[in-house]
Amino acid sequence: MFYYLVRRLASVVVMLVLITGTTYALFFATPIDPVSYTCGRNCTPAIKEGNKKALGYDQPAYIQYGKFLKGLVVGRDYPDNAQLRADHPEQIVHCPAPCLGYSPTQSRTINAMVGDAWPISISIAIGAFVLWMIVGVGGGIIAALNRGKWPDRIIVGLALIGFSVPTFFIGLVLLTFVAIKAGLLPIPNYVPFTENPFEWAHNLVLPWITLACIFAASYVRLTRAYMIETMSEDYIRTAMSKGLGKWRIIFRHGLRAALTPIITAAGLDLGGLLGGAIITESVFSLHGLGFIAVSSVTNMDLPVIVAMVMIVSAFIVLANLIVDIAYGFIDPRVKLVA
């Protein structure tokens, strides 16, 4: 088990290095000059040249990439140029490890931007994840156990509707009719969990429901299909013939075997959401990682784009690692060997 984890963690590090290298290569392959976006309409050749040196864009790509990797380990100071730091020590901005870079359009380190945004994105992702797993897996089990009956048809029909409606439409309907007109729930406004747990949850109910509607619909269909397949296996009939209780058979034998593909999908979905639920955050004006990603693309803030690609990739790769480890505990047929 230990050697398996070491090997998988090493592969995660290698994969992240390859992802950052590819993203950096695309960064320098683009015809867009990132320096042009650092001073807007007031750009002059002198200002552009100064910003180029301050941000380190005057150096070869491989040197910039090396400094980026070094910043992830030991941190980094801006301006990037040593002479500029010596001439203007009062303007030095320190970016602690793991340093993701500096945003010239926001005049802030990307670490500071992510530090403000990640609690919002994680709060939305975790809450929605719990909600859609309960509703999706629970609904799928009920539909599978009542195959062909009216509960099955109602649940599958609702899942089809939920799967077909786009996220922004669900969010706008909830925001308009539930929050604004009916006043049943507040217009989402993020409150830190440590400050007031009740208000934290109360203000995030609508974003949670918006995301959960889409994902729960697909998990209902996924769980139903695998539960129907699993409940027809020979070992299930053997367990029934031995007189085991119905619910023990369903949860201990049936659901446990059906969970493997469900956990796979859940890990990937949660990993993607931790990088920011772009549409949901935009609809409810929540400034999470998804909002930063949209703003960086709009403003052509290339350092932030590179950092966001890395963050999302890291979440997805780590989610895959957690899923692989979970297999060994969920499915007895899977063995984690070195």
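Each Cα pair under 8 Å and six or more residues apart adds its sequence gap; the mean of these over the residue count of the chain is a relative contact order of 22 percent. May I ask you to list the lysines whose Cα is less than 17 Å away from that of residue 67, ignoring any residue fewer than eight positions away on the same chain? Hits, sequence-local ones excluded: 52, 53. Across the options 141, 73, 126, the greatest Cα extent toward the positive end of the charge dipole of the chain (unit charges at beta carbon of Lys, Arg, Asp, Glu) belongs to 141. Hey, any idea what Rg/Rh is for the chain, computing Rh the Kirkwood way over Cα pairs? Dividing the radius of gyration by the Kirkwood radius yields 1.07. Just tell me, in residue order, which DSSP H segments of the chain are both 18 angstrom or longer along the helix axis (alpha-carbon based) and at least 0.5 in mean Kyte-Doolittle hydropathy. TM-like helix candidates: 2-29, 61-74, 110-145, 150-164, 197-231, 256-274, 302-330. Straight Cα distances below 26 angstrom link residue 149 to the lysines 246, with same-chain residues fewer than 8 positions distant left out.
From least to most packed, judged by other beta carbons within 10 angstrom and beginning with the fewest, 102, 78 follow the order 78, 102. Annotation for region 259-333 versus region 36-111: alpha-carbon center distance of 27 Å.
Each value in this text was obtained by applying a stated rule to the coordinates, not by laboratory testing. Bear in mind the structure is a predicted one, so any value in this text is a computation, not a measurement. FYI the Cβ positions are ideal-geometry reconstructions off the backbone, even for glycines, and counts take in every protein chain you see.
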